[in-house]
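K.L.:
Structure below; questions to follow.
Since every read-out is calculated from the coordinates, none of them should be taken as a lab result. Treat the numbers as computed from the prediction; the structure is a model and nothing was measured. Quick reminder, even Gly has a Cβ in these numbers, built from the backbone with ideal geometry, and neighbours come from all protein chains shown.
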Amino acid sequence: MRIISGKFRGLKLHSPTNFEIRPTSDRLRESLFSIINSNKYGANIIDANVIDICTGTGSLGIEALSRGAKNLYLIDNEQNSLNVVKKNLSKIKSYDIESSVYIRKANAKKPFKNINLIFDIVLIDPPYNSSVIQECLPLLKEYNLIDNNSLIFAETSKQETIDVDNFKILDTKFYGKSKLTIIKLLDLSSVK
């Protein structure tokens with residue numbers, strides 16, 4: 001596993017030692033950031049606030065940082081995952097991690113207390129066939145961590161569906177056994 005592009009391009013990342021952590025494939029990661037860079041949905045990674053929920057190895061978040069994200073929150077409830085994340089972040093020597101990267105051990109269904117930031121990009125890659133995404137999306141809105149310009153990228157198995165009130169699915173892409181769903185908060189002022 002390597003960082004694909006940006007300041008840390010080619011940086012080799014530590015892989016998980018247990019099989020409970022499923023890193024996002026390079027192909028899906030490359031496609032996700034190509035979508036962001038395309039500006040199709042108005043996203044911009046440069047100076048973006050990014051949250052990586054169920055971060056696993058941290059590869060998605062570190063890729064965002066490499067490409068110019070300003071603030072990065074990495075959330076996971078597994079200590080093994082957070083240990084891998086810390087090892088991967090320790091490889092970035094020339095970057096001021098302490099002022100822009102925040103690691104939090106928390107249940108992915110309720111990790112949002114005491115965060116006072118609106119996220120431009122939300123990355124959610126939970127264990128497949130879990131209810132994490134369904135429970136996370138309303139909480140992001142409830143805690144005012146997203147707005148109508150925020151983009152949410154959720155990775156699931158091909159068979160899973162996402163259906164949450166007040167959110168709109170913009171697109172879905174398939175990669176092998178995985179599916180990437182691009183989601184946005186509905187403009188609630190237009191809902192009658």
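K.L.:
Tally Lys/Arg at +1 and Asp/Glu at -1 over every other residue whose Cβ is under 15 Å from the Cβ of Lys168; what's the total?
P.N.:
Details: positive: Lys40, Lys141, Lys184; negative: Asp147, Asp163, Asp165, Asp171, Asp187.
Neighbourhood net charge equals -2.
K.L.:
Next question. First check a/c for segment 32-183, with a ≥ b ≥ c the square roots of the eigenvalues of its C-alpha gyration tensor; if it is under 1.5, answer rounded, and if not, answer prolate when a/b is larger than b/c or oblate otherwise. Could the numbers behind the result be given before it?
P.N.:
Working: a/c = 1.37, a/b = 1.27, b/c = 1.08.
In terms of gyration-tensor shape, rounded.
K.L.:
Hey, can you grab everything whose amide H is under 5 Å from the amide H of Thr55? Only 5+ residues off in sequence or another chain; H modelled, so Pro and N-termini drop out.
P.N.:
Ile75, Asp76
K.L.:
So if I place +1 on the C-beta of Lys and Arg and -1 on the C-beta of Asp and Glu, and nothing else carries charge, what would the dipole magnitude of the chain be about its Cα centre? I want it in debye, nearest 20. Display every interim value, and only then the final one.
P.N.:
On the way: 27 positive and 21 negative charges, 110 e Å.
About 520 debye.
K.L.:
Another one. Could you compute the net charge surrounding Leu139? Neighbours are other residues with a C-beta less than 11 Å from the C-beta of Leu139; K and R count +1, D and E count -1.
P.N.:
Values: positive: Lys109, Lys110, Lys113, Lys141; negative: Glu135, Glu142.
Charge balance near Leu139 sits at +2.
K.L.:
Moving on to the next point. Once you keep just the Cα pairs under 8 angstrom separated by 6 or more residues, what percentage relative contact order results for segment 36-192? Mind dumping the intermediate values first?
P.N.:
Working: 295 pairs, mean separation 30.9, N = 157.
Over segment 36-192, the number comes to 20 percent.
K.L.:
I need the peptides 52-63, 117-128 ranked by packing, meaning the mean over residues of other C-beta atoms within 10 angstrom, with the highest value on top.
P.N.:
Values: 52-63: 27.0, 117-128: 21.2.
Taking the mean over residues of other Cβ atoms within 10 Å, the ranking is 52-63, 117-128.
K.L.:
Using just the helices of the chain, give the 222 nm mean residue ellipticity in deg cm²/dmol: DSSP H runs with n ≥ 4 each add -39,500 (n - 2.57), and the total is spread over all residues, rounded to 500. Kindly include the intermediate steps, with their values, before the conclusion.
P.N.:
Details: 4 runs with 44 residues, N = 192.
Computed mean residue ellipticity for the chain: -7000 deg cm²/dmol.
K.L.:
Taking amide H positions as placed 1.01 Å from N in the peptide plane, with prolines and chain starts having none, which residues 5 or more places from Phe167, or on another chain, fall under 5 Å of its amide H?
P.N.:
Placed amide hydrogens put Leu186 under 5 Å from Phe167.
K.L.:
Expressed as a whole number of Å, what is the distance separating the alpha-carbon centroids of segment 39-83 and segment 128-192?
P.N.:
16 Å
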